[in-house]
1. Could you list, in sequence order, all residues of segment B:121-139 that are within 17 Å of C:Gly139 (Cβ to Cβ), under 14 Å from the mean Cα position of the chain (by Cα) and either free of Cβ contacts under 8 Å to residues at least 40 places away in the same chain or part of a loop (DSSP other than H, G, I, E, B) (or both)?
2. In contact with a strand residue (DSSP E or B) (Cβ under 8 Å, 6 or more places away or on another chain) and either under 25 Å from C:Phe78 (Cα atoms) or of a type in the set (S, T, N, Q) (or both): which single residue out of D:Asp63, D:Asp21 fits that description?
3. If a residue must be among the hydrophobic types (A, V, I, L, M, F, W, C), within 13 Å of C:Val18 (Cβ to Cβ) and within 7 Å of chain D (Cβ to nearest Cβ), how many such residues does segment C:73-112 contain?
4. State yes or no: is B:Arg154 modelled with pLDDT under 95 and more than 22 Å from B:Leu73 (Cα to Cα)?
5. Please verify whether segment A:47-64 includes one or more residues that are crowded, with 24+ Cβ neighbours inside 10 Å, at pLDDT 95 or above, of a type in the set (A, V, I, L, M) and more than 30 Å from B:Arg51 (Cβ to Cβ).
6. Answer yes or no: is there a residue in segment B:17-27 that is at pLDDT 95 or above and part of a loop (DSSP other than H, G, I, E, B).
7. Taking D:Ile89, is it buried (at least 24 other Cβ atoms within 10 Å of the Cβ), part of a strand (DSSP E or B) and more than 13 Å from the chain's Cα centre (by Cα)?
8. Which one of the conditions (1) over 22 Å from B:Gln156 (Cβ atoms); (2) touching a residue at least 40 places away in the same chain (Cβ under 8 Å) does B:His86 fail to meet, given that it meets all the rest?
There are 4 protein chains.
Amino acid sequence: MALIPTNMNEKRKTQITVIGDSKPELETERIALEVGEMIGKLGAIAITGGRGGVMKAVAKGIDKAGGICVGILPTNEFSESNAYNHIVIPTDIGHARNSITVMAGDLVIAIGGGAGTLSEISFAWIYGKTVFAYEGSEGWSKALANQRLDEKRRDQIIGFKSVSELEKKIKPLIRR
Amino acid sequence: MALIPTNMNEKRKTQITVIGDSKPELETERIALEVGEMIGKLGAIAITGGRGGVMKAVAKGIDKAGGICVGILPTNEFSESNAYNHIVIPTDIGHARNSITVMAGDLVIAIGGGAGTLSEISFAWIYGKTVFAYEGSEGWSKALANQRLDEKRRDQIIGFKSVSELEKKIKPLIRR
Amino acid sequence: MALIPTNMNEKRKTQITVIGDSKPELETERIALEVGEMIGKLGAIAITGGRGGVMKAVAKGIDKAGGICVGILPTNEFSESNAYNHIVIPTDIGHARNSITVMAGDLVIAIGGGAGTLSEISFAWIYGKTVFAYEGSEGWSKALANQRLDEKRRDQIIGFKSVSELEKKIKPLIRR
Amino acid sequence: MALIPTNMNEKRKTQITVIGDSKPELETERIALEVGEMIGKLGAIAITGGRGGVMKAVAKGIDKAGGICVGILPTNEFSESNAYNHIVIPTDIGHARNSITVMAGDLVIAIGGGAGTLSEISFAWIYGKTVFAYEGSEGWSKALANQRLDEKRRDQIIGFKSVSELEKKIKPLIRR
């Protein structure tokens, strides 16, 4: 997979998917909020699964920075969205929407996470996305940081210990 | 179905899906461009299937008006997007993405159209969306204007003969 | 599209999808029951959307003939299946499962039908399936019989007025 | 989640999903073949992702025992099926079909596996399925055996070291 997203049209900004717990620890939520804010400052669009916890914190963070968050929901109910998404895509395809959530990112950032996040990290790997995983919270992101999921890719899931470390790693990958 | 979208969060603007031919007549394309521009002027977000023809014209129109167009693609390739989408959601679920394209709109506007558009009008009806159909181009939009698809809904697909007529009908439904 | 299904492996029998109303007239239900029975006698597998009405009648019919009916459900609940399906595939992808229901047939038979059936006929057309439509019940099957949905295909939806007429038309298309 | 499947209709037999590598070691393939044969002898239906490796071995095994294997494909091409599936469900929803593959099982058996299998184990956990994981081959099945994926469930993924051990564990869960 290419680290530098290709075929981006002139209008489209870099899209960054953030995945993680819907009911995280407060500290994890704080990280997600900072990640959202960072994405906004870098001029990228945030994509999430549209609901609570990490997803909501990311939306709130990018909103603070004047950016846009797109929430991709498992149901067909706009009302399931958290209060901070700027654009909402209901899908009615259940947890299979996890596949779309990560596919819509040029990059994927994972923070904490249970089985839902694990399915998303798997899909991100399958669809060739570069994945960054937070090492500071319990869950699948920490467990899989600096590892590979199988032999089909030579790279690894890239661990990060702070938002400033993540920013340094992501900045060169933002096209404009 | 409610004409006035409910449960919109504070951040989310009205989302309007536009569906239609990927290879339309020039005249149909011109209408789609005007519809895109109108959506932008009304302060709403445009949603399309992300590819050529009517979809591209809508994106170009709303771009002209300074608005945002979200393209929801059937494949997992960002490169399949037309050059005017501001946000691109690849799905890799084939034509089943037609279901999501219409679900993501508070309202749906149909212009011309073959079997793909017909599947989208059907889904818009099933998911309770208010549908506006252009009566000026050949295709399923014209054929189904001012009709109902089955007895489960009491309303009809609402025909329109010009973009100014459509604007008058849509304006009261835009929340802000 | 090819009338004669290709690439069938040695083990797989011809699969025939039947679509139609979940709450049909009694007469329509009777036709569906006969169609199911006919499919069983021809040695083919029946595929449906797994629920009530035409879907249930087809399953009951093929069961009577000692055949197998596969029900493909919109939800993730086995319990949503009618009582006659021999194999049940829950999908949790909502009405988008209509796409899979018709894709799983080498041939598609439509009986009656509202907006859901209309979306299925559209998908069958898009995915190149040969579609047979019953002309004896009100609904989209009758309305579209002997017509084409767009210019991308040269053939038509093939109307039939009785199960014996349908059997004559389908028999040569069953591989074994 | 219930170990004993509920709401099974009178006609439907127990459905068992088997997941695993498309390019496994020979030894892993042998286990999959035995598992397929065992499922057939127990009178259950096998469900797989429909392609090569473990999926093909399971289909071959159950065919030997006179049973039925249903292959659920990611593409819309019947020809992508292995040569042993008795029923083929093309989906055209890409890797998101992994969600349906496990949902269609009353039970799920995992053998070996890379990122694709990992996404399937995650979905099986999310959808409340009882999962059995082979401890004798490298891959995610071994890595996750006798563990839980998150705190939302109290049970674990159940490890097994031989097909006879698996048979003892599964037999009481087959309804008829």
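1. Result: B:Ser122, B:Trp125.
2. Values: D:Asp21 fails: either under 25 Å from C:Phe78 (Cα atoms) or of a type in the set (S, T, N, Q) (or both).
Of D:Asp63, D:Asp21, the one residue that is in contact with a strand residue (DSSP E or B) (Cβ under 8 Å, 6 or more places away or on another chain) and either under 25 Å from C:Phe78 (Cα atoms) or of a type in the set (S, T, N, Q) (or both) is D:Asp63.
3. So the count comes out to 1.
4. So B:Arg154 fails the test.
5. Checked against the condition, which is being crowded, with 24+ Cβ neighbours inside 10 Å, at pLDDT 95 or above, of a type in the set (A, V, I, L, M) and more than 30 Å from B:Arg51 (Cβ to Cβ), segment A:47-64 yields at least one hit.
6. No, because not a single residue in segment B:17-27 is at pLDDT 95 or above and part of a loop (DSSP other than H, G, I, E, B).
7. yes
8. Of everything listed in (1) over 22 Å from B:Gln156 (Cβ atoms); (2) touching a residue at least 40 places away in the same chain (Cβ under 8 Å), B:His86 misses just condition (2).
The values are calculated or read from the model by the stated rules, or taken from the named source; none is laboratory data. The structure displayed is predicted, hence computed values, not measured ones. Here Cβ is always computed from backbone atoms with ideal geometry, including for glycine, and neighbour counts include all displayed protein chains.
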